[in-house]
Amino acid sequence: MITSMTGYGKAVQQLSDKKITVEVRTLNSKNLDLNIRLSSLYRQQELPLRQLVSKTLLRGKVDLSVHVEQTGVAPNSRINLELVENYMRQMSELDGIHFSNGDHKLQLLEIATKFPDVFSQQSTDVSKEDILAIEETAKTAIIAVQEFRKDEGHVLELEFDKRISNIKYLLSQVIEEDVDRLADVRTRLEKAVSEIKEKVDENRFEQELIYYLEKYDITEEKVRLENHLNYFMETMSIPESQGKKLAFISQEIGREVNTIGSKANHAAMQQMVVRMKDELEKIKEQLLNVL
């Protein structure tokens, strides 16, 4: 099964006095490159979050952000009177501000106390409830990322299947073309020698001709290329994503295609090789995103 390294996940959990939001974005990378954005108040959670990501997402450039928004008054909160007065003074100086009937100061106070930073916690200790909530929210976001990666992987799998099928079709054309290729090469050489109008040793000529034709024989390359293509498809069907292994197999496919191209000495066959290389480059480009 193909799994992409590109993904996105978001999870939100509402507590009695705060809202916890965790967002995870992932891109392709050779190894795990993790960046965590977390408030200094909850910095103690960075190591557990790193361990969680390394066990689940495995590879890729991962950006994980944890945002904790105060939505209510915590039990150990204390109002910052100086800040409230500052907000009220600034709002009273605004031009065009209108209030309904009643005490303007009371209405200003009501607005000012809605700003989350007017309340500060007397204790910097993070509650167990907050710690558990952050972990649970992070797990939910990571599950969403994994689902996203699987969906993207399915698209990549269809793409690989298409490209490998195209290469297989081109290989079948190469095999078909190869039936008459060596015979054509032999005919051209015999014609070239006859035009020299010099007497040659027939036995020596036959030996040299066989040696020359063997250099252009691509039987082994055709067999190996077909095996590599089948192995690529088999590896894609393994339950765990095998990005690095598929990349290695694609290199082996490229090696056989290049050898066929160098031995072809045949215009039509070389055109097929060029098309195979084009299909393979598209595979290699997409393999960079595979986990």
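The values are calculated or read from the model by the stated rules, or taken from the named source; none is laboratory data. Remember, predicted model here, so these are calculated numbers, not experimental data. Here the Cβ is made from the backbone with ideal geometry for all residues, glycine too, and neighbour counts use every protein chain on show.
Could you identify the single residue in Gln173, Gln146 that is polar (S, T, N, Q), outside the structural domain of Ile249 (by TED's automatic domain parsing) and over 20 Å from Glu234 (Cα atoms)?
Answer to the selection: Gln146.
Is it the case that some residue within region 61-79 is of a type in the set (D, E, K, R), outside any helix (DSSP H, G or I) and either buried (at least 17 other Cβ atoms within 10 Å of the Cβ) or at pLDDT 90 or above (or both)?
yes
Only one of (1) surrounded by fewer than 15 Cβ atoms within 10 Å (Cβ to Cβ); (2) in contact with a helix residue (DSSP H, G or I) (Cβ under 9 Å, 6 or more places away or on another chain); (3) not acidic (Asp, Glu) fails for Asn35. Which number is that?
Only one criterion is unmet by Asn35, namely (2).
Please name all residue pairs, on different chains or six or more residues apart, with Cβ atoms under 8 Å, provided the first residue is in region 225-253 and is touching a residue at least 40 places away in the same chain (Cβ under 8 Å) and the second residue is among the charged types (D, E, K, R).
Close Cβ pairs (under 8 Å, with a partner that is among the charged types (D, E, K, R)) amount to Leu225/Glu256; Glu226/Lys168; Leu229/Lys168; Met233/Asp161; Met236/Glu157; Met236/Asp161; Gly243/Arg59; Ala247/Lys284.
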